[in-house]
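The values are calculated or read from the model by the stated rules, or taken from the named source; none is laboratory data. Small disclaimer: the values here were computed from a predicted structure and weren't measured. Positions of Cβ are generated from backbone atoms using ideal geometry, with glycine treated the same way; all protein chains shown enter the neighbour counts. What goes into the accessible areas is simple: the full protein's heavy atoms, side chains included, and nothing from ligands, DNA or RNA. Shrake-Rupley method; radii C 1.70, N 1.55, O 1.52, S 1.80 Å.
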Amino acid sequence: MVLVCLKSVNNGKLQTLLPPLLHDKAASKREQSDARIDSAEREQARPKVKTLVVLIQNGIGVEEDVQKMFPSVQLAAGLAFICSAKTEPGVVNHQCYGSINLANYSCKDEALMQAVVDEFRQAGIETGLVEYNEARWKKAVWNMPFNGMTVALHTQTDQLLKNKSTRQLIREQMMEVVSAAQHLGVKNLDEAFVDKMIDMTDNMTPSSPSMRLDYDFHRRMEIYYLYTRPLEIAREAGCPMLKLEMLEAELRFLEEIR
């Protein structure tokens with residue numbers, strides 16, 4: 001397994017970084033301990049397990065584009081639910097939460113997916129195995145409003161919800177994502193999920209989402225996969241997200257003038 005934890009703006013680097021890590025791996029403990037088996041016999045007896053690449057990244061469309069770069073690679077999505085901030089090189093400030101969901105994109109071996117989930121759990125990390133499209137769009141329900149709005153209004157999550165006007169706007173943006181996802185046939189995504197996300201945010205530590213941190217530290221923002229790509233998909237499906245299209249335009253303005 002390879003965990004890709006780069007920001008999606010750096011995915012072009014995967015063409016150099018990934019190939020040395022993609023290989024078949026020996027799965028037999030007996031081979032490792034029995035020195036009497038010569039190398040030829042060991043190679044012949046070795047069961048082959050293809051590497052699984054898990055993209056722990058935000059947005060919609062990342063797996064599709066990485067798959068085009070590496071057509072034969074098995075991919076899974078990693079959807080992290082955590083409030084943390086890299087405040088300086090090698091230092092991460094963990095504020096709250098810390099679970100992850102994994103979703104199969106192109107892995108042909110369900111047992112391998114389950115094995116990866118089990119390893120995360122054995123490491124003490126709350127981990128779920130979920131359906132891919134549902135997982136990506138559910139994450140977008142929170143990501144699309146809060147990431148961009150904290151940048152555009154230079155604030156944090158709690159302030160957006162304390163103000164009556166922006167709380168309503170956040171809710172309307174979330175419902176745009178839900179409507180687009182439903183239009184695309186995504187299951188288990190409705191207004192009740194929006195209520196759940198708002199309630200969760202009300203109760204979490206006030207924070208700056210990843211895009212706000214990138215903006216504050218003068219790093220490129222992940223506008224393409226967080227906004228441009230899902231907005232294009234929604235328009236093509238006949239369900240444009242107009243409020244979020246305006247937010248994307250504001251983010252592109254802020255990125256360009258900086």
Among (1) within 27 Å of Glu250 (Cα to Cα); (2) touching a strand residue (DSSP E or B) at 6+ places or on another chain (Cβ under 9 Å); (3) part of a helix (DSSP H, G or I) - the single one Met113 does not satisfy:
(1)
Can you tell me how many residues within the stretch 233-254 are assigned to a loop (DSSP other than H, G, I, E, B) and open to solvent by less than 60 Å² (accessible area, probe 1.4 Å)?
4
Flag for Ser8 being at pLDDT 95 or above and not charged (D, E, K, R):
yes
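Quick one: which residue in Thr127, Thr87, Thr157 is more than 18 Å from Val53 (Cβ to Cβ), without any contact (Cβ under 8 Å) to a residue 60 or more places away in the chain and surrounded by 17 or more Cβ atoms within 10 Å (Cβ to Cβ)? Even if it seems obvious, please write down each step before you answer.
Details: Thr127 fails: more than 18 Å from Val53 (Cβ to Cβ); Thr87 fails: surrounded by 17 or more Cβ atoms within 10 Å (Cβ to Cβ).
Among Thr127, Thr87, Thr157, only Thr157 is more than 18 Å from Val53 (Cβ to Cβ), without any contact (Cβ under 8 Å) to a residue 60 or more places away in the chain and surrounded by 17 or more Cβ atoms within 10 Å (Cβ to Cβ).
Within the stretch 162-177, which residues are open to solvent by 20 Å² or more (accessible area, probe 1.4 Å) and within 21 Å of Glu134 (Cβ to Cβ)? Spell out the reasoning first.
Restricting attention to the stretch 162-177, the residues satisfying the condition of being open to solvent by 20 Å² or more (accessible area, probe 1.4 Å) are 162-169, 171-172, 175-176.
Answer for the stretch 162-177, where residues must be open to solvent by 20 Å² or more (accessible area, probe 1.4 Å) and within 21 Å of Glu134 (Cβ to Cβ): Arg171, Met175, Glu176.
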Of all residues in the stretch 51-84, how many are of a type outside the set (A, V, I, L, M, F, W, C), in a strand (DSSP E or B) and in contact (Cβ under 8 Å) with a residue 24 or more places away in the chain?
2
Restricting to the stretch 189-232, what's the tally of residues that are surrounded by fewer than 16 Cβ atoms within 10 Å (Cβ to Cβ) and either under 17 Å from the mean Cα position of the chain (by Cα) or of a type in the set (D, E, K, R) (or both)?
10
Which of the numbered conditions does Val151 fail, given that it passes all the others? Conditions: (1) more than 16 Å from the chain's Cα centre (by Cα); (2) surrounded by fewer than 23 Cβ atoms within 10 Å (Cβ to Cβ); (3) in a helix (DSSP H, G or I); (4) touching a residue at least 24 places away in the same chain (Cβ under 8 Å).
(2)
Residue match in the stretch 130-139 (condition: crowded, with 22+ Cβ neighbours inside 10 Å, aromatic (Phe, Trp, Tyr) and not in a strand (DSSP E or B)):
yes
Within the group Val73, Val66, which residue is open to solvent by 10 Å² or more (accessible area, probe 1.4 Å) and either of a type in the set (Gly, Ala, Ser) or modelled with pLDDT of 90 or more (or both)?
Val73
Answer yes or no as to whether Ile257 is surrounded by 14 or more Cβ atoms within 10 Å (Cβ to Cβ) and not aromatic (Phe, Trp, Tyr).
no
Considering only the stretch 99-116, how many residues are more than 17 Å from the chain's Cα centre (by Cα) and open to solvent by 40 Å² or more (accessible area, probe 1.4 Å)?
6
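Quick check on the stretch 171-187: of everything there that is in a helix (DSSP H, G or I) and among the β-branched types (Val, Ile, Thr), which residue is farthest from the chain's Cα centre (by Cα)? Don't jump to the end; show me each part of the working.
Residues of the stretch 171-187 in a helix (DSSP H, G or I): 171-183.
Cutting the leftovers down to among the β-branched types (Val, Ile, Thr) gives us 177-178.
Working: Val177: 16, Val178: 17 Å.
Per the stated criteria, the residue is Val178.
Looking at the stretch 193-213, is at least one residue part of a helix (DSSP H, G or I), more than 20 Å from Phe81 (Cα to Cα), touching a Ser or Thr at 6+ places or on another chain (Cβ under 9 Å) and modelled with pLDDT of 95 or more? Even if it seems obvious, please write down each step before you answer.
Just the residues of the stretch 193-213 that are part of a helix (DSSP H, G or I), to begin with: 193-203, 210-213.
Subset that is more than 20 Å from Phe81 (Cα to Cα): none.
No, the conditions are met nowhere in the stretch 193-213.
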